[in-house]
Amino acid sequence: MKNILPCLLSFLFLHAGFSFADVVNSKEALQLSEPAPALWRGEVALGFFNQKEQVRDASGESQGPLFDQWAVAPRIAVAREIAPVFAAGIFSSYEYGKHRECGYVSSSISPSACSSTRYHQYFLGPTGRVKWKALFLDLSYIAFGIRSDSRSDEIAGSKGLLWVHPLRAWLFHPGMWIDLSESMAMSLRIEYRFLYFDRTSSGKLPQAVQFGTQSIRPVFGIHLSL
């Protein structure tokens, strides 16, 4: 059932978008002689993320290890403008990240006690956009998503690729763009990520464990008319 669910949700996602466009494009709704011609747009974007965490006491003194994480995430998307305020299409995203943990020794961080792990993620799915003037809101569903993490056995008690939860796999992108020319624009958005993994290639994670994140990060992009 869970193998079919992402395909079904992707179909409903795009079907709802095109149905909405039919309503908006109707002559009665817009009182136009003809709807605006469809336009395809491509996008290349780059997101980044950095976070540091450490336990400290009331005086500000370090009391635990330092956790440092950073990631970069290139993204490409192709969407068709099927209404003056709506576009729908497909996106693909790759993310590379690194975790670094440094031990707390004798009231200071010891570089010799640092360890690093890496992870890779790949996402694919439908995306929709509602826009108004220079503002827009993107909603993307991750129909296919995997994660390779050298900490997977530590995080989830299981080795191998991690697979996204079919219902907890969404990306929200409020943002704005600036026209650079008739066929090119630059965008700045904030990505809110609601993403969890609940299984590996061999099956469910032990004890119904779910590993995931809810994070906010900036994303810069270039949009091209095709």
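The values are calculated or read from the model by the stated rules, or taken from the named source; none is laboratory data. Everything quoted here is computed from the prediction, not taken from an experiment. Glycine gets a Cβ as well: all are built from the backbone with ideal geometry, and neighbour counts include every protein chain shown.
Among the residues of the range 162-184, write down those that are of a type in the set (A, V, I, L, M) and over 11 Å from residue 220 (Cα atoms).
We begin by selecting, within the range 162-184, every residue of a type in the set (A, V, I, L, M); these are 162, 164, 167, 169, 171, 176, 178, 180, 184.
Once the filter is applied, which keeps residues that are of a type in the set (A, V, I, L, M) and over 11 Å from residue 220 (Cα atoms), the range 162-184 yields 162, 164, 167, 169, 171, 178, 180, 184.
For the range 81-126, how many residues are assigned to a loop (DSSP other than H, G, I, E, B) and modelled with pLDDT of 80 or more?
Filtering the range 81-126 for residues assigned to a loop (DSSP other than H, G, I, E, B) gives 84-85, 106-107.
Checking which are modelled with pLDDT of 80 or more leaves us with 84-85.
Result for the range 81-126: 2.
So, in the range 127-164, exactly how many residues are more than 21 Å from the chain's Cα centre (by Cα), modelled with pLDDT of 85 or more, at negative phi and not in a strand (DSSP E or B)?
Looking only at that region, the number is 1.
Starting from the range 75-91, take each residue that is surrounded by fewer than 20 Cβ atoms within 10 Å (Cβ to Cβ) and list its partners that are in a strand (DSSP E or B) and aromatic (Phe, Trp, Tyr), counting only C-beta distances under 6 angstrom and pairs at least six apart or across chains.
From residues that are surrounded by fewer than 20 Cβ atoms within 10 Å (Cβ to Cβ), the pairs are 80/40.
Please work out which residue is farthest from the chain's Cα centre (by Cα), limiting yourself to the range 201-224 and to residues that are modelled with pLDDT under 85, part of a strand (DSSP E or B) and under 29 Å from residue 46 (Cβ atoms). Lay out the reasoning, then the answer.
First, the residues of the range 201-224 that are modelled with pLDDT under 85: 201-215.
Now drop any that are not part of a strand (DSSP E or B), which leaves 203-204, 211-215.
Restricting the remaining residues to those that are under 29 Å from residue 46 (Cβ atoms) gives 211-215.
Values: 211: 16, 212: 12, 213: 11, 214: 10, 215: 9 Å.
If we take residues in the range 201-224 being modelled with pLDDT under 85, part of a strand (DSSP E or B) and under 29 Å from residue 46 (Cβ atoms), then 211 is farthest from the chain's Cα centre (by Cα).
Go through (1) at pLDDT 90 or above; (2) closer than 24 Å to residue 83 by Cβ and name the single condition residue 181 misses.
(1)
Pairs please, first residue from the range 186-203 and at positive phi, second anywhere and among the aliphatic types (A, V, I, L, M) and not in a strand (DSSP E or B), Cβ atoms under 9 Å, 6+ apart in sequence or on different chains.
Pairs found: none.
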